[in-house]
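Input: a single structure, listed below in structure tokens.
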Amino acid sequence: MQERRARVERRRSLFHALWRGNFEGRRRAPRRNDERHAVVTDWFHPQWLAVALLILLLCGADALLTLNLIANGAIEINPFMAPLVKGSGHAFAWWKFGLTASGVVILTLLGELKIFGRAVGTILYVVLGMYAVLVGYELFLLRNIPLD
């Protein structure tokens, strides 16, 4: 039987592999419609980048507004984050942003996976809406609290 594979190793160049993977990605959906396991594709919906960036911007705004509210007498009700807001609040901001960014990346990677008949990527929109409401509420609190 004659060998059908090419003799040249196509994975020999890292730059070539990165170029092909980033700009010539072929996998845009799962191979089969009934796949139930997690599938990571080469392509993601462009609007997910905008949603992810908005989530991260609102996360940063939430961290700054939370620290500002705490400086004006509010308390952190999240028991996991409450110890981190003590002092300068740098640890709080880093943990908050890191955990949110990790979650956004995971949701984007698993965006095409179907759960309960819907794509996991729709959770990104829910998170964006929740952050928008939270930041709006914090702005309302800052505007209406008596400053000393």
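Computed from the coordinates by the stated procedures, all read-outs in this text should not be read as laboratory data. Small disclaimer: the values here were computed from a predicted structure and weren't measured. With ideal geometry, Cβ positions are generated from the backbone for all residues, glycine too; neighbour counts draw on all protein chains shown.
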>> Could you derive backbone 3J(HN,Hα) for region 66-79 from the dihedral phi with the Karplus parameters 6.51, -1.76 and 1.60 (θ = phi - 60°), listing whole Hz in sequence and x where the residue is Gly or Pro?
In response: 4, 5, 5, 5, 5, 5, 9, x, 6, 10, 7, 8, 6, x
> Which chymotrypsin sites (Phe, Trp or Tyr not before Pro) does region 76-145 hold that lie in a coil by DSSP with at most 15 other beta carbons within 10 Å?
Replying inline: F80, F116
